[in-house]
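**Student:** Please read through the structure below; I'll follow up with questions.
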Amino acid sequence: MMKARFLAIPVVAMALVLAGCSTSGDSGDGGDGDDLTIRIIGIGTPDFSAVDVEKWKQNLEDAGFSVDFKSVEEEDAALRAVVAGAADVYIGSLPSMITAVQNTEAPVELVAVNAQATDYVVLAQNDIESIDDLEGKTIAVNTPGSAGDTIMKLALDAEGFDIDSPDYVVIGGTSARVAALQAGQVQATVAHLVSAEAAIETGQFHALLYCGPALGPYVQTGLIASTDFTAKTEVAQKAVDALIDAERWAASDKDGYIELSQSVDTESSDALRDSAYDGFVDIDFFGVDGGLSDDLIDSWIQTSIDAGDFDAATIPDKSEWLNSTFVDDYLSRNGTFQ
């Protein structure tokens with residue numbers, strides 16, 4: 001069983017965790033004529049898997065939003081910023097957010113899912129020939145409870161590996177972790193598909209495990225918002241609409257996705273972009289219907305309980321951390337994706 005490794009997120013004194021973010025900004029009251037503003041925290045350096053997020057930002061601006069976007073390297077910093085009121089939303093993984101709700105009644109909730117499957121790959125130096133060889137080795141992760149950390153451990157656990165046997169070091173986003181691997185500072189890491197395949201192309205590294213096939217449908221990341229932001233219902237609805245529109249665009253416009261990726265990922269080859277996009281479509285990566293179906297969320301919860309991330313008796317009810325009203329409203333107006 002996977003041991004719970006998630007951090008409690010204290011609510012006090014959080015406004016100082018993110019330099020340059022102010023808690024004095026207002027996201028608007030959602031009324032007619034409101035000046036639409038959204039403060040977004042990005043995590044790590046954007047890569048090919050995050051082109052949908054770039055499209056979301058464009059959609060927000062087209063809808064009249066003033067988009068204030070700042071980045072941090074670690075997911076728990078993004079969560080703390082939103083809890084503290086220094087930002088409105090971030091796109092991240094569920095475990096840390098749910099743990100914060102459980103431990104501190106943090107005022108955050110999941111309002112949509114953008115990645116409803118995982119593209120993560122366990123990447124290692126060539127002399128590590130199998131996942132069993134990871135025992136005693138050093139693996140780079142973002143933070144405990146981040147998407148890559150959780151998904152890698154779930155996938156390794158599903159393959160029968162003792163996930164307590166390696167050492168884990170916190171380094172940051174995918175690009176920073178791959179750089180640490182290339183520098184020989186760690187022996188393995190978890191990386192998004194394109195970053196992993198680009199590293200593999202150098203001949204110095206190989207894929208130990210593709211996490212998607214090991215897990216199947218799984219919520220990788222979603223739009224997590226402060227309850228102050230979602231209380232401004234018209235503003236929040238427009239933000240969720242813009243995200244689901246971006247997911248539908250991503251799933252249906254390969255040429256557009258690859259073209260926009262050039263501004264996000266300047267290093268990947270055209271052949272790698274092409275194959276990675278097809279891989280995303282094959283695993284139903286994009287949350288084209290908001291990703292909050294009972295089947296998907298309940299499956300995620302059960303997987304997390306089975307893995308030992310949460311105790312079935314104490315995990316907060318999903319009504320405490322999930323708000324599906326905006327996705328439901330979108331689907332009532334636009335129908336499901338065809």
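Throughout, read-outs are computed from the coordinates displayed, never taken from laboratory work. Treat the numbers as computed from the prediction; the structure is a model and nothing was measured. Positions of Cβ are backbone-derived with ideal geometry, glycine not excepted, and every protein chain shown enters the neighbour counts.
**Student:** What's the extension gain from residue 132 to residue 231 if we count 0.36 nm per residue and subtract their Cα-Cα distance?
**Tutor:** 30.8 nm
**Student:** How far is helix 325-334 tilted off the main Cα axis of the chain, in degrees rounded to 10, range 0 to 90?
**Tutor:** 80
**Student:** Counting residues in the range 254-338 as N, plug N into 2.2 N^0.38 Å and put the Cα Rg over that result.
**Tutor:** Taking N as the residue count of the range 254-338, the ratio is 1.47.
**Student:** Putting +1 on Lys and Arg Cβ atoms and -1 on Asp and Glu Cβ atoms, find which of 205, 36, 286 reaches farthest to the positive end of the dipole of the chain.
**Tutor:** The listed residue farthest towards the positive side: 36.
**Student:** A further question follows. Once fully extended, how much extra length lies between residue 262 and residue 336, figured as 0.36 nm per residue of separation less the alpha-carbon to alpha-carbon distance?
**Tutor:** 23.7 nm
**Student:** In whole Hz, with x marking every Gly and Pro, tabulate ³J(HN,Hα) for the range 280-294 from phi via Karplus 6.51 cos²θ - 1.76 cosθ + 1.60, θ = phi - 60°.
**Tutor:** 4, 5, 4, 9, 6, 5, 7, x, 5, 10, x, x, 10, 4, 4
**Student:** Students often forget the sequence filter, so: which aspartates and glutamates lie under 20 Å Cα-Cα from residue 318 once same-chain residues fewer than 8 apart are removed?
**Tutor:** Filter leaves 105, 109, 228, 289, 294, 295, 298, 306, 309, 328, 329.
**Student:** List the lysines whose Cα lies under 28 Å from the Cα of residue 254, skipping any in the same chain that are fewer than 8 positions away.
**Tutor:** List returned: 55, 57, 70, 238.
**Student:** Report, in debye and to the nearest 20, how large the dipole of the chain comes out about its Cα centre when Lys and Arg carry +1 and Asp and Glu carry -1 on their Cβ.
**Tutor:** Working: 17 positive and 58 negative charges, 133 e Å.
The calculated dipole for the chain is roughly 640 debye.
**Student:** Setting aside same-chain residues fewer than 8 positions from residue 137, which lysines have a Cα under 18 Å from its Cα?
**Tutor:** Correct list for residue 137: 153.
**Student:** Using 0.36 nm times the number of residues separating residue 271 and residue 284, minus their current alpha carbon distance, what extension gain do you get?
**Tutor:** Full-extension gain reported as 2.6 nm.
**Student:** Place the peptides 237-246, 96-105 in order of packing, highest mean first, counting for every residue the other Cβ atoms within 10 Å and averaging per peptide.
**Tutor:** Result, highest mean first: 237-246, 96-105.
**Student:** Starting with the highest mean, order 301-308, 115-122, 197-204, 135-142 by the number of other Cβ atoms within 10 Å, averaged over the residues of each peptide.
**Tutor:** The densest-packed peptide leads the list: 115-122, 135-142, 301-308, 197-204.
**Student:** Once Rh for the chain is found with the Kirkwood sum over Cα pairs, what is the Stokes-Einstein diffusion coefficient at 10 °C and 1.306 mPa s, in µm²/s? Write down the numbers at each step before the final one.
**Tutor:** On the way: Rh = 20.1 Å.
Stokes-Einstein gives a translational diffusion coefficient of 79 µm²/s.
**Student:** Can you tell me the dipole magnitude for the range 221-338 around its Cα centre, using point charges on the Cβ only (Lys, Arg +1; Asp, Glu -1), in Debye to the nearest 20?
**Tutor:** 360
**Student:** A further question follows. Amide H to amide H under 5 Å from residue 36: which residues, 5+ apart in sequence or cross-chain, H placed 1.01 Å off N in plane?
**Tutor:** 66
**Student:** State the volume of the convex hull built on the alpha-carbon positions of the range 92-201, expressed per residue in Å³ and rounded to an integer.
**Tutor:** 113
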